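This report refers to the structure that appears directly beneath it.
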Amino acid sequence: YMTEPTQPKQKFSHHCEKCDYTATRPKEWLLHIETKKHIRGGGAKPKICTICNEEFVTHWMCKMHILKIHESKELRAKCKYYCAHCDLIFYAQKYLDKHINGKIHQNLMKALESIKN
């Protein structure tokens, strides 16, 4: 039997003038549109960590990074939304609650409980 010739697939390519970014797949394009770089319009990020030079979109994100990565556990423990078992800080109560009810925290608590018994 004979098959009909198929048309070659059209290659996807979309260039973002705002950020000078080119996507070769539709999914990549959608992900790019949602990035902070695109929303901000490219260019330098306004805040840089003075310890490791990582860049952040906001001063608050930089401050949280320094607290989470570079500061001591004792200082983190003073934060309002802190999980002492996992040594993690959160931006709001709802994120701490989500963490406490999540699998990672629950599994850690089970492991700690089994060690005590």
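The values are calculated or read from the model by the stated rules, or taken from the named source; none is laboratory data. Values in this document were obtained by computation on a predicted structure and should not be read as measured data. Cβ: placed from backbone, ideal geometry, glycine included. Neighbour counts: every protein chain shown.
Filtered by the rule that a residue be in a strand (DSSP E or B) and modelled with pLDDT of 80 or more, the stretch 17-62 gives THR22, ALA23, LYS47, ILE48, GLU55, PHE56. Restricting the first member to the stretch 49-62 and to residues that are closer than 18 Å to TYR91 by Cβ, and the second to residues that are acidic (Asp, Glu), the beta-carbon pairs closer than 9 Å and six or more apart or on different chains are CYS49/GLU55; CYS62/GLU54; CYS62/GLU55.
Just to be sure before I move on: is HIS85 modelled with pLDDT of 85 or more, surrounded by 13 or more Cβ atoms within 10 Å (Cβ to Cβ) and not aliphatic (A, V, I, L, M) in the structure I sent? Break it down into steps so the answer makes sense when it comes.
On the way: modelled with pLDDT of 85 or more: yes; surrounded by 13 or more Cβ atoms within 10 Å (Cβ to Cβ): no; not aliphatic (A, V, I, L, M): yes.
Here the answer is no, as HIS85 does not meet what is asked.
Scanning the stretch 88-104 for residues that are under 24 Å from LYS63 (Cβ atoms) and not acidic (Asp, Glu) returns LEU88, ILE89, PHE90, TYR91, ALA92, GLN93, LYS94, TYR95, LEU96, LYS98, HIS99, ILE100.
If we scan the stretch 91-112, do we find a residue that is within 23 Å of LYS47 (Cβ to Cβ), part of a loop (DSSP other than H, G, I, E, B) and not hydroxyl-bearing (Ser, Thr, Tyr)? Yes - at least one qualifying residue is present in the stretch 91-112. Taking the conditions (1) outside any loop (DSSP other than H, G, I, E, B); (2) out of contact with any strand residue (DSSP E or B) (no Cβ under 7 Å at 6 or more places or on another chain) in turn, HIS85 satisfies each one other than (1). Return the residues of the stretch 63-112 that are free of Cβ contacts under 8 Å to residues at least 12 places away in the same chain and touching a Phe, Trp or Tyr at 6+ places or on another chain (Cβ under 7 Å); say none if nothing qualifies. Listed by number, the residues that qualify are PHE90, ALA92.
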